[in-house]
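Q: One structure follows; several queries about it will come next.
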Amino acid sequence: MKPSLCCSVLLMSLAVSGAQLPDLFEGEQVIFPSSVRGSQMFSAIIVTKNKHVIVFDGGWREDNANLIKIVKEFSDTVDLWCITHAHGDHFWQLAEFIEKTPDALKIKKLCYNFISEEWIKEADKREKGCLQEAMTTITPLKTSNIPQQITKAGDIFEVDGVKVEVLNDPYPIQTGNPINNASVVYNVTIGSKKMLVTGDLGVEGGNRLLELCPDKLKADIVVLAHHGQNGANKNFYDAVKPSVAIWPTPRWLWENDNGGGPGSGPWRTNYVKCWMQDLGVKRQYNTIKEVRLK
């Protein structure tokens, strides 16, 4: 069943991009950059009360200069950098940084847990080309001189009062979506609020989290999985019970436009818009333009 037109129109009116938003935090802020290349990607920058910086993912190589510029508004140091999974639209910016601009910022700690190359090759041959390209960028990341930690479920990192909890190890789920379902999910406590960073978690990965740690999913703010479509299912978001949804979504994906106008594409964005309406999520913001939550 297709989502109703009235639902889609209503949700399009609720989500805004590049807006000055009502205060959520107590001196902290979270910045969601827009994609320089107009593609899907995810990047988030948390700035603490005392101007310490935490980064999640980073986006494509083309997003490197913009991310550095934003961080330098507040500091020349990233205290903690967390990666969700091994897809280029999430961590190739970091590879570009390491290879081309390693002196632009100091990085105190880099955290990630990528599922093994061997397992992914065996699990899904269709990912082979993407995987080979990803591995050429993972290698310099792993061999850089940045202090690194392979995360495990239950790890907690704290920077100036902001707590980042690792909810899972990468799930070796043998479907056609293995790298996305291997996303590491983080629940971040920022003052009195919580924000769930989901990476590209798919339905299967979301269901696994629901089975293993449903009590850890509750959050005020959710970054929608897989850029707001074809990711975690409605039951996952029902467990999160967010009041704010962030769509890391470019215009063409937000409008489901494959070149033939809004609604012409195959993407499931409108279904998720309806889920958010059904779940009573009143504040929704997309990253067609940069979003800053304060």
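Q: Can you say whether Trp267 is touching a residue at least 12 places away in the same chain (Cβ under 8 Å), surrounded by 20 or more Cβ atoms within 10 Å (Cβ to Cβ) and among the aromatic types (Phe, Trp, Tyr), as far as the supplied structure shows?
A: The answer is yes for Trp267.
Q: Next question. Specify the residue that is surrounded by the most Cβ atoms within 10 Å (Cβ to Cβ); the eligible residues are those in segment 231-261 that are over 18 Å from Gln277 (Cβ atoms) and not hydrophobic (A, V, I, L, M, F, W, C).
A: Pro248
Q: Give the residue, chosen from Leu224, Leu196, that is more than 16 Å from Tyr112 (Cβ to Cβ) and touching a Phe, Trp or Tyr at 6+ places or on another chain (Cβ under 6 Å).
A: When all the criteria are applied, what remains is Leu224.
Q: Restricting to segment 55-72, what's the tally of residues that are of a type outside the set (Val, Ile, Thr) and either in a strand (DSSP E or B) or at positive phi (or both)?
A: Selection size over segment 55-72: 4.
Q: Moving to a separate point now. Return the only residue of Ile68, Ile54 being touching a residue at least 60 places away in the same chain (Cβ under 8 Å) and more than 26 Å from Lys282 (Cβ to Cβ).
A: Ile54
Q: Here's something else I'd like to know. Spot the failing condition for Gly280; the list is (1) of a type in the set (Gly, Ala, Ser); (2) surrounded by fewer than 17 Cβ atoms within 10 Å (Cβ to Cβ); (3) at pLDDT below 95, and only one is missed.
A: Unmet condition: (3).
Q: Also, quick follow-up: Kindly indicate whether Ser183 is modelled with pLDDT of 95 or more, hydroxyl-bearing (Ser, Thr, Tyr) and either out of contact with any strand residue (DSSP E or B) (no Cβ under 7 Å at 6 or more places or on another chain) or within 17 Å of His90 (Cβ to Cβ) (or both). Quick ask: steps written out before the conclusion?
A: Details: modelled with pLDDT of 95 or more: yes; hydroxyl-bearing (Ser, Thr, Tyr): yes; either out of contact with any strand residue (DSSP E or B) (no Cβ under 7 Å at 6 or more places or on another chain) or within 17 Å of His90 (Cβ to Cβ) (or both): yes.
So Ser183 passes the test.
The values are calculated or read from the model by the stated rules, or taken from the named source; none is laboratory data. Keep in mind that this is a model prediction, so the values were computed, not measured. Positions of Cβ are backbone-derived with ideal geometry, glycine not excepted, and every protein chain shown enters the neighbour counts.
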